[in-house]
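Some notes on the structure that comes next.
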Amino acid sequence: MTSVDDLRVTTLTRFCDGLGELIALEERADLPIKIRRVFAVSASPGVTRGKHAHKQLTQVMVCVYGRCVVVCDDGSKTKEFVLDKMDQSLIVPPGIWAEQIYSIEDTVLMVLCDFPYDEDDYIRDYKAFIAFRREQKS
């Protein structure tokens, strides 16, 4: 089972010219997952979203605008990651509790997933998450 020590912010390929920047994500080159779902989330400064883990789904988080602090928890340790450039990504594997704290007005977090939406894959209760982690270790 993955721990928060295994998580890293990675740098995506960025193309710049006199007109601006382009970040392209390709399934095999940049992402370790097959993309099955993409969504974007925004919130007011100070709002915390997420507050759940997944049993099977992997998420790749990219802050396309603003600043988002992602707090990841493996049941024993927590670690914070700051996403504030659109060429940064954080891969959150299954079994990691994640909360996203929006820091700046109009922040937008894009999330790429390897499975379509399935409510049964979510662990929304922290005590149930801890039980899930214990069960996976044994």
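Okay, residues lined up against (1) among the hydrophobic types (A, V, I, L, M, F, W, C); (2) assigned to a loop (DSSP other than H, G, I, E, B):
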residue: Ser76; (1), (2): no, yes
residue: Val82; (1), (2): yes, no
residue: Met86; (1), (2): yes, yes
residue: Ser89; (1), (2): no, no
residue: Pro94; (1), (2): no, yes
residue: Gln100; (1), (2): no, no
residue: Pro116; (1), (2): no, yes
residue: Asp120; (1), (2): no, no
residue: Arg134; (1), (2): no, no
In the stretch 60-74, the residues that are in contact with a Ser or Thr (Cβ under 8 Å, 6 or more places away or on another chain) and in a strand (DSSP E or B): Val60, Met61, Val62, Cys63, Tyr65, Cys68, Val69, Val71, Cys72
Residue that is farther than 19 Å from Gly66 by Cβ, surrounded by 12 or more Cβ atoms within 10 Å (Cβ to Cβ) and touching a Lys or Arg at 6+ places or on another chain (Cβ under 9 Å), where the choices are Leu7, Leu31: Leu7
Selection within the stretch 2-50 - at positive phi and either touching a residue at least 60 places away in the same chain (Cβ under 8 Å) or in a loop (DSSP other than H, G, I, E, B) (or both): Gly46
Single match in Leu7, Leu25, Leu83 (criterion: closer than 19 Å to Val108 by Cβ and under 11 Å from the mean Cα position of the chain (by Cα)): Leu83
The one condition in (1) touching a strand residue (DSSP E or B) at 6+ places or on another chain (Cβ under 8 Å); (2) hydrophobic (A, V, I, L, M, F, W, C); (3) part of a loop (DSSP other than H, G, I, E, B); (4) at pLDDT below 95 that Leu57 fails to fulfil: (4)
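Any residue at all in the stretch 113-123 that is among the hydroxyl-bearing types (Ser, Thr, Tyr) and within 26 Å of Arg14 (Cβ to Cβ)?
No: zero hits.
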Given (1) within 15 Å of Leu109 (Cβ to Cβ); (2) surrounded by 12 or more Cβ atoms within 10 Å (Cβ to Cβ); (3) among the aliphatic types (A, V, I, L, M); (4) touching a residue at least 40 places away in the same chain (Cβ under 8 Å), number of the condition Val69 does not satisfy: (4)
Lone qualifier among Ala131, Ala53, Ala40 - being out of contact with any Ser or Thr (no Cβ under 9 Å at 6 or more places or on another chain) and buried (at least 20 other Cβ atoms within 10 Å of the Cβ): Ala53
Number of the exception - Trp97 against (1) touching an Asp or Glu at 6+ places or on another chain (Cβ under 9 Å); (2) more than 14 Å from Tyr126 (Cα to Cα); (3) surrounded by 18 or more Cβ atoms within 10 Å (Cβ to Cβ); (4) of a type outside the set (Gly, Ala, Ser): (2)
Test: residue in the stretch 102-118 that is surrounded by fewer than 22 Cβ atoms within 10 Å (Cβ to Cβ), acidic (Asp, Glu), touching a residue at least 12 places away in the same chain (Cβ under 8 Å) and within 18 Å of Arg37 (Cα to Cα): yes
Filter result for Phe129 (of a type in the set (Phe, Trp, Tyr), over 30 Å from Thr13 (Cβ atoms) and at pLDDT 95 or above): yes
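The values are calculated or read from the model by the stated rules, or taken from the named source; none is laboratory data. Bear in mind that the values here come from a model prediction, so they are computed numbers and not experimental data. Positions of Cβ are backbone-derived with ideal geometry, glycine not excepted, and every protein chain shown enters the neighbour counts.
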